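Before any comments, here is the structure.
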Amino acid sequence: MKMKNLKWLVGLFLIGICMVSCLDDEPVMNVTYQYRPIDSIQIDSIYPARQVTEIKTFFTTTNGCQQFFDYDYTILGNERTVSVITSEIQDGGCTEITESKSFVLKFNPASSGTYTFRFWNGKDADGQDTFIIREIVVPQ
């Protein structure tokens, strides 16, 4: 008789554990990602091939919740197209503040030569993408 009660208790315990573990009570963070136009860039020094050249990009956020997330970096031969991606947590507690921010893009070319950078600067009145274009000559 005791063994039968013990089996019931163990069975109820296992069912209880399964029910609790299936609850969807974890908070879900609603994050959005968006491209932000690059306002300007700054290159202090250009280093030889296989060394890192730092390119500082400046962009503007429209509220206190937007943070730098990553670069969208596309390579086509010696041309590089760069865009800033920001993330924003949608929790309703964002301050409406416009702020200029910067982040460093690390450029490490495998060989010397001329590289053309196209930094996405937003869209014009016709909805066409605009770019800040810089040529960087990487020495030997």
Suppose the filter is free of Cβ contacts under 8 Å to residues at least 60 places away in the same chain, among the aliphatic types (A, V, I, L, M) and surrounded by 16 or more Cβ atoms within 10 Å (Cβ to Cβ); does Val84 pass it?
yes
All positions within segment 34-48 that are in a loop (DSSP other than H, G, I, E, B) and among the hydroxyl-bearing types (Ser, Thr, Tyr)
Ser45, Tyr47
I'd like the full set of residues that are under 15 Å from the mean Cα position of the chain (by Cα), modelled with pLDDT of 95 or more and of a type in the set (Val, Ile, Thr), limited to segment 26-60.
Ile38, Thr57, Thr60
For segment 6-21, indicate whether the set of residues that are out of contact with any Cys (no Cβ under 8 Å at 6 or more places or on another chain), at pLDDT 70 or above and in a loop (DSSP other than H, G, I, E, B) is non-empty.
no
If I filter segment 45-61 down to residues being farther than 8 Å from Pro109 by Cα and of a type in the set (A, V, I, L, M, F, W, C), which single residue comes out as surrounded by the most Cβ atoms within 10 Å (Cβ to Cβ)?
Phe59
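The values are calculated or read from the model by the stated rules, or taken from the named source; none is laboratory data. Bear in mind the structure is a predicted one, so any value in this text is a computation, not a measurement. Neighbour counts are summed over all protein chains in view; Cβ atoms, including those assigned to glycine, are modelled from backbone coordinates with ideal geometry.
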